[in-house]
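Trainee: Here it is, the structure, as structure tokens.
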Amino acid sequence: MAMSLPLILEQTLNGFQFGVFLFLIAAGLTLIFGIMNLVNLVHGSLYMMGAYFAAVAYQWSGSFLVALAVALPASFVVGIVLEIVALRTLYQRDHLDQVLATFGLILFFNQLMIFVFGAASQEMNLPQGLEGHVEIIAGAPYPTYRLVIIATGLAVALALYYLISRTRAGMLIRAGASNRAMIAALGINIRLLFTGIFGLGAMLAGLSGAMAGPILSVEPGMGEDMLILSFVVIVIGGIGSVQGAFVASVIVGVVETLGRSIIPFLLERILSNEAAQTAGPAITSMTIYILMAAVLFFRPRGLFPAKGG
């Protein structure tokens, strides 16, 4: 495999796109984990549900905008119902109880999707008009739809920044993260606030699932790998920090994507081609965890720990 500057630049852009996409999932998870102190393993299932909602709506309507219009409110409603029915009682329990309960919900949602849609993946084509490429880098056309993912992720990041930093709701969210007992004593309905935060996180997970549908397989269990990466992101960025989630998402995306391209290339210089192809993926899969360990060694609370967290 030959490495060239256009290829490296293209892979860097791929990594940035993947990182921004990862932020869409991790942002909701870091809000829930950082503010509500809930280890929410079912977040990956909400990502999966969003993809299924979008795929079904797309197959029915043929419109990607309709698919988004269905997936976002449906994911929000599922999140609200899930929080009220199953998760609200877990806030005062220890993290082990939360892990066991939400892991059980993962199994439930996976089996529910198999029961309703079957084990086969659902088809969701690229949106009409976004199938082409744009030549951002000379000699390396870049898919238009991936640019749309980047734009969507940046828009969500800006919207969350405005929500948390410039609105009364954001003030309550920050206060809830630092001292939930105090804002409850001031007459704020902390239960309603938590329900709203969980619904927002579920909607962001649903949005990321809907955006993933045209480029990834919509199938049962599709959320597990993304859930693991999301937890890596919020640990690196700082639990409860949306700014940290964005920065860490981009770092993880670029490191993971460039690693898949560069590490096999370097191994081919010292190993046989077969050995390099075997060892490359294994070493690449370790890089983000090595990165996480290094960050935690120097910054135990992450790169941008939430204030008061």
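What follows draws every value from the coordinates through simple rules; no lab data is involved. Remember, predicted model here, so these are calculated numbers, not experimental data. No Cβ is skipped: glycine too gets one built from the backbone with ideal geometry, and neighbour counts run over all protein chains shown.
Trainee: Can you tell me the Rg and the Dmax, both Å, for the Cα atoms in the stretch 219-289?
Mentor: Here Rg and the maximum Cα pair distance are 14.6, 45 Å.
Trainee: If all Cα-Cα distances of the stretch 58-146 are sorted into 5 Å bins from 0 onward, what percent lands in each bin, rounded to whole numbers?
Mentor: 3, 10, 12, 15, 15, 12, 11, 9, 7, 4, 1, 0
Trainee: Quick one: compute a quarter of the convex hull surface over the Cα atoms of the stretch 1-49 and quote it in nm².
Mentor: Result: a mean projected hull area of 4.9 nm².
Trainee: While we're here: Hey, got the dipole for the stretch 196-276? About the Cα centre, +1 on K and R Cβ, -1 on D and E Cβ, debye to the nearest 20?
Mentor: About 240 debye.
Trainee: Calculate, axis by axis, the spread of Cα positions in the stretch 180-309 along the three principal axes, and write the results as whole Å, longest axis first.
Mentor: 68, 38, 18
Trainee: In which sequence would ILE288, ILE262, ILE234 go, from the one with the fewest C-beta neighbours within 10 Å to the one with the most?
Mentor: Taking fewest neighbouring Cβ atoms as first place, the list is ILE262, ILE288, ILE234.
Trainee: Please name which of SER217, GLY240, ILE270 has its Cα lying farthest along the dipole of the stretch 208-277 towards the positive end, using unit charges on Cβ (Lys, Arg +1; Asp, Glu -1) and the Cα centre as origin.
Mentor: Sorting the options by dipole projection puts first GLY240.
Trainee: Taking every eigenvalue of the Cα gyration tensor of the chain, multiplying by 5 and rooting it, what semi-axes result, largest first, whole Å?
Mentor: In descending order, the three semi-axes are 32, 24, 19 Å.
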